[in-house]
Amino acid sequence: MRRYIVMGHRAITSADFKLDDLCGSTGRLDILLRCVNSAFFLSHGIRRDVEIVLMLLGEPNPPKTVRIIGSEVKYLNPDERSTAALIRNALLQKGEGERKCSPGIYVSERSYEEVLSNVSKESKMYYLREDGEDIRTAVLAPDATFVLGDDQDLTQAEEDSLMTYEPKRLSLGPSSYHADHCVTLVNNELDRR
């Protein structure tokens with residue numbers, strides 16, 4: 001299983017946004033939408049062995065956690081607008097605990113710390129950072145969880161919470177990459193193994 005936890009530090013936590021203005025009105029939710037596409041889409045299919053957790057931490061009601069499971073998901077298309085519509089529908093869901101919004105898509109108010117604590121003990125945590133060990137030489141577990149920021153690094157508090165799980169720090173290369181590119185690079189590295 002490949003799992004990605006992506007922080008959306010400013011990503012909107014209400015369904016009150018326009019699908020025609022994803023970059024301007026959603027607190028950079030567009031970055032997380034690109035990560036979803038990078039996590040799941042192949043040329044003619046969807047990766048079924050992937051799960052992505054989007055931490056929406058922006059206004060007005062943080063946190064909102066959207067979890068998408070590749071083995072269950074339906075109605076996911078490779079364009080940001082339709083993925084945004086699925087996220088918006090998730091944000092409309094009321095209730096307590098984790099709620100299924102559509103096949104393979106769940107929403108909750110779980111905090112980042114709760115998300116980390118709910119990752120299976122069998123899954124090895126990896127923290128994607130420029131100063132980590134080169135992913136090309138690192139030994140990677142078959143059940144892996146990769147944690148990364150959006151266009152901002154993890155805050156000190158977020159990093160401190162993650163470090164309690166003793167993640168291995170991994171670097172994807174000599175440059176700083178967009179979050180969705182990081183997901184693509186990790187998928188490519190795992191595919192090659």
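Every read-out reported here was derived from the displayed coordinates using simple, explicitly stated rules and does not represent laboratory data. Model, not experiment: these values are computed from the prediction. When we count neighbours, we look across all protein chains shown, and the Cβ atoms used for this are built from the backbone with ideal geometry, even at glycine.
Computed quantities for the displayed model
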quantity: Beta bridges per DSSP with both ends in the chain, % antiparallel, nearest 5; calculated: 40 percent
quantity: Gap separating the Cα centres of the range 12-72 and the range 80-97, nearest whole Å; calculated: 9 Å
quantity: Selection from Ala11, Thr145, Ser161, by position along the positive dipole direction of the chain (Cβ); calculated: Thr145
quantity: Ranked list, fewest to most other Cβ atoms within 10 Å of each Cβ, for Tyr165, Tyr112; calculated: Tyr165, Tyr112
quantity: Ranked by how many other beta carbons lie within 10 Å on average, peptides 126-137, 14-25 from highest; calculated: 126-137, 14-25
quantity: Over 24 Å between alpha carbons, listed pairs Lys64/Lys100; Lys64/Lys168; Lys18/Lys94; Lys74/Lys124; Lys121/Lys168; Lys74/Lys121; calculated: Lys64/Lys168; Lys74/Lys124; Lys74/Lys121
quantity: The chain - charge dipole about Cα centre, Lys and Arg +1 at Cβ, Asp and Glu -1, debye rounded to 20; calculated: 660 debye
quantity: Residue-averaged [θ]222 nm for the chain, counting only DSSP H segments that reach four residues, each worth -39500 (n - 2.57); calculated: -8500 deg cm²/dmol
quantity: Nonlocal amide H pairs with Glu133, under 5 Å, H built at 1.01 Å; calculated: Arg169, Leu170, Ser171
quantity: Ranking of Thr164, Thr13 by count of other Cβ atoms within 10 Å, fewest first; calculated: Thr164, Thr13
quantity: Diffusion coefficient, µm² s⁻¹, Stokes-Einstein with Kirkwood Rh over alpha-carbon pairs of the chain at 20 °C and 1.002 mPa s; calculated: 129 µm²/s
